[in-house]
1. Regarding LEU649, is this residue within 26 Å of LEU545 (Cα to Cα), in contact with a Ser or Thr (Cβ under 7 Å, 6 or more places away or on another chain) and either outside the structural domain of SER531 (by TED's automatic domain parsing) or modelled with pLDDT of 90 or more (or both)?
2. As an exercise: evaluate LEU932 against (1) modelled with pLDDT of 90 or more; (2) part of a loop (DSSP other than H, G, I, E, B); (3) loosely packed, with under 15 Cβ neighbours inside 10 Å and give the number of the one condition it does not meet.
3. Is it the case that some residue within region 491-511 is among the β-branched types (Val, Ile, Thr), part of a strand (DSSP E or B) and touching a Cys at 6+ places or on another chain (Cβ under 8 Å)?
4. Among the residues that make up region 743-755, is at least one of them among the polar types (S, T, N, Q), assigned to a strand (DSSP E or B) and within 30 Å of ARG872 (Cβ to Cβ)?
5. I'd like the residue in region 830-858 that is at pLDDT below 95 and of a type in the set (Asp, Glu) and, out of all such residues, is nearest to the chain's Cα centre (by Cα).
6. Can you list residue pairs whose Cβ atoms sit under 8 Å apart, with the first residue in region 968-979 being over 17 Å from ALA995 (Cβ atoms) and the second being assigned to a loop (DSSP other than H, G, I, E, B) and at pLDDT 90 or above? Count only pairs 6 or more apart in sequence or on different chains.
7. Out of (1) surrounded by fewer than 16 Cβ atoms within 10 Å (Cβ to Cβ); (2) without any contact (Cβ under 8 Å) to a residue 40 or more places away in the chain, the odd one out for SER870 is which?
8. Looking at (1) among the β-branched types (Val, Ile, Thr); (2) surrounded by 16 or more Cβ atoms within 10 Å (Cβ to Cβ); (3) under 22 Å from TRP704 (Cβ atoms), which is the one condition that is false for VAL617?
Amino acid sequence: MEHLPDDLTRADDGFSEDLFSSLTEFGSYRIVQFLGRGGMGEVYHAEDVSTNRSVALKLLRHRYSGQRRFLQRFQREAQAVQVLQHEHIVPLFESGEEQGIPYLAMQLIEGKTLAEHITQIKSQPACTTVHDSPETGAAGSESNLEGEAFSYVEIAKSIADIAEAVHAAHVGKIVHRDIKPSNLMLDRCGKLWLTDFGLASVGDEQTAITMTGDLLGTPAYMSPEQAGGSLTEVSRYTDVYSLGATLYEWATLQKPFSGNREQILFNVAQGNLALPSKVRPDIPRPLEAIICKAMSLLPEGRYLTAEDFAKDLRLFAAGRTVSARLPGWTARLYRWSERNPLVALASLLGVAATVIAVLVMQAVYSGSLVAVNSRLEDSNKSLVVANKRLEVREQQLSQQLFVSDMSVAFKAYASHNFPTVQQLLQQHRPDPLEHGAQHFAWGLLRRLTTAPESTLLCQHDGVAAEVAVSTDGQLAVSVGHDGFVYVIDLEDRRVLHKHEVGTALDGIAISPDKKWFLTGNRSLTGFNGVSRRDMQTGETIVALLGHANTIEATAVSPDGEWFATADRYRDVQVHNSEGRFVHRETTESRNESLIFLKDKRSLALLNREDHRNEIRVWDFVDKRYQQVKLQFTPNTFGSSLPLNSAGDLRLAASGEHQVAVVDWPSGRTVARQPKVGARVRCIDISADGTLAFAGTDDGLVYVWETEQVDSQGNFAEPLLFQASLGQVTGIRAIANPDSNTQFLTTSEDGRVQLWDVARSFPMRPSGEGMPYVSTAVAGMHVSSPGASKIFLRLENGTIASYEGGSDSIQKIIELPLDGYGNIVVSEDEKTLVVASGTDLCVVNVPAGEVVHRLPLVDKDKYCRGLLFFSERLFALFNDHFLVYDTKDYTQEDEVWLPENDANQILTFPDAESFLIMCRAKIYRWDGKKLSLFEQAATGAEEYVKIAFDSAGKQMATTLSNRTVRIRSLDGSKPAVLMRGHQRTVNACLFLDDGATLVTTSSDLTIRFWDVATGRELGVLDCPRSSPDFLHYFAASNMLMSMFDDAPFKIWPANKIEAESADYLSIGSPKGNAEEQVVAAR
């Protein structure tokens, strides 16, 4: 519960201005009792009707709900603690807004505040103190803090707990700024909790005054820098001071400062603090030293961290020597001058007279002083230079750390360790306003490792084992090892019923009419019973003796007349709805999947034969089965709904590291994944058979599009994200007529979550007559770096355009492909030219037709490059180039080259010349003559590609020896050489205003490089093919990698927004159940 200081923000006496006093319900909470009121909030004891959990519900008072500053303070409280997890910080279960009123739902702490506890001790007629000290040890320290006696050792231990909690907040860049006894809760077990982060600063945020100009905080516990109104000096030292003031009051039973507001603020700012021993003579001197150090006037005199504060307190509690020392002679002299002002004044006058005499002597020797001052001035200049060098060095070290951590983050991504990636990225969040900041690689990893939005439906106490979904997609039922069954409304996303079965459960199924569910026990001893239960009441309708082993799976036939149960490593039993035995099948498998297919006659199960599992579809009427043939041993499977009137459907099956989708009953393999990076635990397929979902032992979820396959029949790249930090135990598709992208997961941490991946799939653009799988690229053209449109020449002869971020490709024309696939487009994008082997084809883009054909005399020479330049078209061949007038495309000139191995032509950044790259030399053409621009350093080097940054200041050349060289065109910076590729570098591209270089190679990788240091930022693997081209769409912040033997790939990156937390924890859902975030009561 929030407690605001009476002398700063006083609660109103009446309730008339607020609307909450008569509350009985608020959103999904039932109000039990009003607990208290602060300056801006009211706190209630409430009960979550969906989970029956008691919470402390904090509401922003109605009069403040429309005021921005109070809304910010309320939101800051949730934001400040959502990144913290500590056993002495009160957890926050949920935050949000209901009927325009912001609220926080927190753990209900049954107890009292430390302020109330201290008041209670002071009111007792005799307060017994347990004397303990470093000399006597902690022998007498076992007293309960709730008892009549209190122990200095126990006080020290409790404050040490809070100091460690404060340190955890500081590590998360959060400063509490309002630590005081009324913001510490003491529960009935004597455990102390830190609450109320309403005034906390998050990151670099500073808020020092209220809307009326008042200081935030409670004067008696403010640090001197707070009391002085400093905005920039409020830091972690502030919390150390306030916690020291709290310790002072608990140990002495008296506030460290008293008086009216102005007197307190003056005394705090001046450091006029009475020693604790003056208030309570029996206080141990080591504890007094700790208090005095924590409450030092200057921040640098306090503990460096709250953790150091805690360590000293624990040393005291253990009877060992502490690091703190009582104030020295200077502090005592200052306090003596306060007590003896006349004597102090006389002494001061004497010192002043001495100073004047010294000044007179100094004037006599002024000439010498001038020389000294001159030398001091020179020294100051040297110090300024040294400081600048230190700043540069600090920036360099910071950049080196960024590069190192990014390299580790890319490696963690490659091994699917997404939580580590997120932690490393959060340490180096780029400044969106910083010019040249390396946003893209950071944003790409953030995008690749951020889970889709999800809803937490319910929370089991222990493992959530399985979830079943009704065939209409409206109802879900989950079971767990806590013995509870949750019935969930999927449309409203809330728990309807919670039934206690009493033993651990693994299997669950729902009847077609949604009136009952089927489950079975998971007990290691005795028989495991099977029960058919009422959906609303949980009452048993039919109970069976069950199986000898734990029940792994259950199923109900589509007509609801039969149900089946399967135990581990033995039998599958089939009964009718009244419990009469129908059939038993001994499978000897683990029986983790069990599904009735198109009717009650067809039951799909796992059978083990010759030490190998197989999927069999049994017909219990005809007493025969059909085997589903797979190229691996399946462990689990899922089924779509019937896809036609004949009842045909699709099955998704998984082995330990394999996945396949097959049509049934035809047995045709639709798609497969021969190797999955983690052990697959569960699998399912969407109702329409177009999506396959798999959960793994390491918490990952894979989602494949079954129609997106390569020429080998393998799935295209899946959507992959971290759904849980533990094992994903179950996964179920939701049959939603409006969307096939929703599914549920259960996990080892007890969560049942709903996911929707509609907006998370990899982009796979296509066009009319151009399916995505046919988008292998032979050549491309862009008008400028970062352009939003790219023109493509596909390997199948199609010429098309693509707008970054679009789902479609626009076909222009089809023309025969030559050996190089070059394409060039005019500046107005109305004309394009391609080489077709025998001639150059000039195409009118809007009309999509060839308007000129320029015959090539030498049919044996391929066109190596095309360029529109200065109202001319230039066509490059290995030993010459042709010049055409773009008005009528007549040939104007033919220029022969000194070399016969030209390979690239591109415009120079000055737009007044262009370069021609040969194997060992680069030439520059200014419109009149050809001159040598650059030559390879050694005979072992050959040029492969050239690229310029967007500002035209840097040039990158990729070389045949697998290196990349970057040099500044004005020669102001030394060249940087980058090494790391194992094979030839195919393409390179500048990103982030030239701060980052991205390269592709025949070693099947895309690499990001830090241009400033020449170090590798990270590597992305392209396991199926090597990229030949790259383009960056600046407007949509996407990288496009293109292949000549595979579809192109889009790599979107998250944009970095100013003043945005951009935190999305792994598997962190938005929902109405328990969440692993923290807040104050």
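The values are calculated or read from the model by the stated rules, or taken from the named source; none is laboratory data. If you're wondering where the values come from, they're calculated on a predicted model, not measured in any experiment. Here the Cβ positions follow ideal geometry from the backbone for every residue, glycine too, while neighbour counts run over all protein chains shown.
1. Considered against the rule, which asks whether it is within 26 Å of LEU545 (Cα to Cα), in contact with a Ser or Thr (Cβ under 7 Å, 6 or more places away or on another chain) and either outside the structural domain of SER531 (by TED's automatic domain parsing) or modelled with pLDDT of 90 or more (or both), LEU649 comes out as no.
2. That leaves (2) as the condition not met.
3. Among the residues of region 491-511, at least one is among the β-branched types (Val, Ile, Thr), part of a strand (DSSP E or B) and touching a Cys at 6+ places or on another chain (Cβ under 8 Å), which makes the answer yes.
4. So far as region 743-755 goes, no, none of its residues is among the polar types (S, T, N, Q), assigned to a strand (DSSP E or B) and within 30 Å of ARG872 (Cβ to Cβ).
5. The qualifying residue nearest to the chain's Cα centre (by Cα) is ASP839.
6. So the pair list comes out as ASP970/LYS953; LEU977/GLY1014; ARG979/ARG962.
7. Single failed check for SER870: (2).
8. Here VAL617 clears every test but (3).
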